[in-house]
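A short write-up of the structure that comes next.
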Amino acid sequence: LAFGLQGCASTIAPTPETASPQITSPAAESLPLSKDMVTVDNLLRWPLEGLDGADKVSAGLGQVSELRELKPSWVTGEKPVKLADNYVLSFTWIGPGPNRIDIGLKQEPCFSPERAVEITGAIMDPVFRTDHGVDFGRTYYAERNGVLIRIKTTPETYRCVVSIHVSPIRKLSE
């Protein structure tokens, strides 16, 4: 099973005329979560509870981020956000479809891949260089209860987690 690389970046800032009003995740309205519950540990742990756990991630991100509609089915939080555990999110993307979440982490403070593996039981993908020898960081995968988590690290040093990607596991018949 091969996993493709996915990049998340936007260099176009909305103008005041096109900026969408702040929105919250639909899950944020139904789950009783407080800002102090939103930690990197929980952002890694909750999705592995299943699709309801992934909803907790969306709800938690809605508690701490200023989410705005980017385009239909996508919401984003592009401002850095300090979490209750003092780690800093660099970006948040939720959508399209249910339980598709991309989270960026700043390298300072550094959240270690070893800690992420301890929490999730993730397994490292042995491939971390392209055919041309370019190092794109290590990738770890964990799946449980119908949800896949992909954890990416800094290139070359592999010292810090730089992104967490959550998605439902699709069956081959879908």
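Out of everything in region 124-145 that is of a type in the set (Phe, Trp, Tyr) and modelled with pLDDT of 95 or more, what residue ends up being farthest from residue 53 (Cα to Cα)?
Per the stated criteria, the residue is 140.
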Report summary line: Scanning region 148-158 residue by residue, the ones that are modelled with pLDDT under 95 and closer than 17 Å to residue 40 by Cα total 1
Query raised in the report: Among the strands (runs of 3 or more DSSP E) contained in region 85-167, which hold 1 or more residues that are open to solvent by 50 Å² or more (accessible area, probe 1.4 Å) and touching a residue at least 24 places away in the same chain (Cβ under 8 Å)?
Result: 139-144
**Report entry** Flag if residue 65 is buried (at least 18 other Cβ atoms within 10 Å of the Cβ), over 14 Å from residue 39 (Cα atoms) and not aliphatic (A, V, I, L, M)
**Finding:** no
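Out of the residues in region 43-84 meeting the condition of being among the charged types (D, E, K, R) and touching a residue at least 24 places away in the same chain (Cβ under 8 Å), tell me which one is nearest to residue 116 (Cα to Cα). Break it down stepwise before answering.
First pass over region 43-84, keeping only residues among the charged types (D, E, K, R): 45, 49, 52, 55-56, 66, 68-69, 71, 78-79, 82.
Those left that are additionally touching a residue at least 24 places away in the same chain (Cβ under 8 Å): 45, 49, 55-56, 66, 68-69, 78.
On the way: 45: 9, 49: 16, 55: 20, 56: 18, 66: 25, 68: 28, 69: 29, 78: 23 Å.
Applying the filter and picking the extreme gives 45.
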Query raised in the report: Any residue in region 22-33 that is modelled with pLDDT under 95, under 21 Å from residue 162 (Cα atoms), part of a helix (DSSP H, G or I) and not hydroxyl-bearing (Ser, Thr, Tyr)?
Result: no
Query raised in the report: If we scan region 68-75, do we find a residue that is assigned to a loop (DSSP other than H, G, I, E, B) and within 21 Å of residue 37 (Cα to Cα)?
Result: no
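The values are calculated or read from the model by the stated rules, or taken from the named source; none is laboratory data. Worth saying up front: this structure is predicted, and the values here are computed from it rather than measured. Every residue, glycine as well, gets a Cβ built from its backbone with ideal geometry; the counts of neighbours run over all protein chains shown. Accessible surface areas use protein heavy atoms only, side chains included; no ligands, DNA or RNA. Shrake-Rupley method; radii C 1.70, N 1.55, O 1.52, S 1.80 Å.
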